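Peer 1: Encoded as structure tokens, here's the structure I'll be asking about.
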Amino acid sequence: MLELEGQLEHALALLRLAGPAWEPVRARLRADVATSRARRMNRWQTDPNRRTLRLRFAVSEPACGQHPPALASQLARAILDAGLPLAMGLEKVPRPALHLGHPLPLGVPGRGEWADAVLAHGAGMPLSELPGCINAHAPAGLTVLQCEIVPNYASPVSDLCRSASWRWQCPADLLERALFATAEFMASERFEMEKSGKTGGHKGVKRVEIRSLVEAMAWKDGALAFTTRIASGQAPNPQKLLGAILGVDPAGVASLERTGLQLAADPRLLDADRYEPKLHNMFEDAVLLDAGSHIRIVDGDDDDPIILGG
């Protein structure tokens, strides 16, 4: 029954933490899951039923106190409990196919976060109803704001994050110092901060340049709004960044929140003809024609003779 309903991987995930008495069941499930995984890997890219759901959500206390893997697990659990067909990934130890955008620093709320979830098939309800359905099962502090379907060949949302917007409510006793320090920082061409890391293969403290990673800063009503650039290996922790600019302990930078993540245009969607699934055999893969492809079908007369000449 589990195999027919496509629930083998979900069952194994639920039983992973069960007691020793369930080991015979787990052993049988592991064998069945391995067979199922091989089968799913063969048709994953061309599965016409698969859907990629992109979610925008907000995180506040107490959910923002969770590390990214735990937060992703909570969001996946809410989607499953809402009755949506969240697919399992292709890992040897299957996990829900849900991936967050650029991770939030621990303890920092976020008002515009992103995640991609893979559904085994359509949700069976209008997209406008999905946020409310998921939120009814979400833990405190986790709220889905919007859902949309993107093509399966779209870039992962984590690859599209280009900048992050932040808001920091400055304590009154620090405001004068912060106004001067941020103005001096923005006027500088280069600014370095100390960062723990490896230098020459050994752990130590190194200095890194951070001025180029801050795109904008502006004050309003005692709050600092600023934008940081996100690039491979260049995504500064905002608390450490503010601590370095102000010359204070980063642990003391409280009342900070991420107000949004800005996404770049997806190069795969801009070049859809290159990335969408292709037909290799018209009869074997004709089912793809129902999956929203851009393929144009030309009617021809199959009775016309084919003449081969030398």
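Peer 1: What residue, of 28, 56, 50, is more than 15 Å from residue 139 (Cβ to Cβ) and open to solvent by less than 20 Å² (accessible area, probe 1.4 Å)?
Peer 2: Only one candidate passes the filter, namely 50.
Peer 1: Cβ contacts < 7 Å: first residue of a type in the set (Val, Ile, Thr), restricted to the range 66-85; second residue in a helix (DSSP H, G or I), any location; separation 6+ or different chain. Result?
Peer 2: As it stands, the answer is 79/134, since those pairs meet every condition given.
Peer 1: Only one of 187, 216, 178, 164 is touching a Cys at 6+ places or on another chain (Cβ under 6 Å) and of a type in the set (A, V, I, L, M). Can you tell me which?
Peer 2: 178
Peer 1: Grab the strands (runs of 3 or more DSSP E) fully contained in the range 165-265, keeping just those with 1 or more residues being in contact (Cβ under 8 Å) with a residue 60 or more places away in the chain and more than 19 Å from residue 107 (Cβ to Cβ).
Peer 2: Filter on the range 165-265 gives 223-229, 256-263.
Peer 1: Moving on. Can you tell me which residues in the range 230-273 are loosely packed, with under 14 Cβ neighbours inside 10 Å and hydrophobic (A, V, I, L, M, F, W, C)?
Peer 2: Scanning the range 230-273 gives 231, 251, 254, 264, 265, 270.
Peer 1: Only one residue in 156, 126, 139 is free of Cβ contacts under 8 Å to residues at least 40 places away in the same chain, under 25 Å from residue 98 (Cα atoms) and within 30 Å of the chain's Cα centre (by Cα), so which one is that?
Peer 2: Going through 156, 126, 139 in turn, just one is free of Cβ contacts under 8 Å to residues at least 40 places away in the same chain, under 25 Å from residue 98 (Cα atoms) and within 30 Å of the chain's Cα centre (by Cα): 126.
Residue-wise test of (1) assigned to a loop (DSSP other than H, G, I, E, B); (2) open to solvent by less than 40 Å² (accessible area, probe 1.4 Å); (3) not aliphatic (A, V, I, L, M).
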{"site": "94", "(1), (2), (3)": "yes, yes, yes"}
{"site": "117", "(1), (2), (3)": "no, yes, no"}
{"site": "122", "(1), (2), (3)": "yes, yes, yes"}
{"site": "137", "(1), (2), (3)": "yes, no, yes"}
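Peer 1: If you don't mind, there's one more thing I want to ask. Restricting attention to the range 98-115, report how many residues are part of a loop (DSSP other than H, G, I, E, B) and touching a Ser or Thr at 6+ places or on another chain (Cβ under 9 Å).
Peer 2: Matching residues across the range 98-115 total 4.
The values are calculated or read from the model by the stated rules, or taken from the named source; none is laboratory data. It should be emphasised that the depicted structure is a prediction, and the values quoted were computed from it without experimental measurement. Note: ideal-geometry Cβ built from the backbone for every residue, glycine included; neighbour counts use all protein chains shown. What goes into the accessible areas is simple: the full protein's heavy atoms, side chains included, and nothing from ligands, DNA or RNA. Shrake-Rupley method; radii C 1.70, N 1.55, O 1.52, S 1.80 Å.
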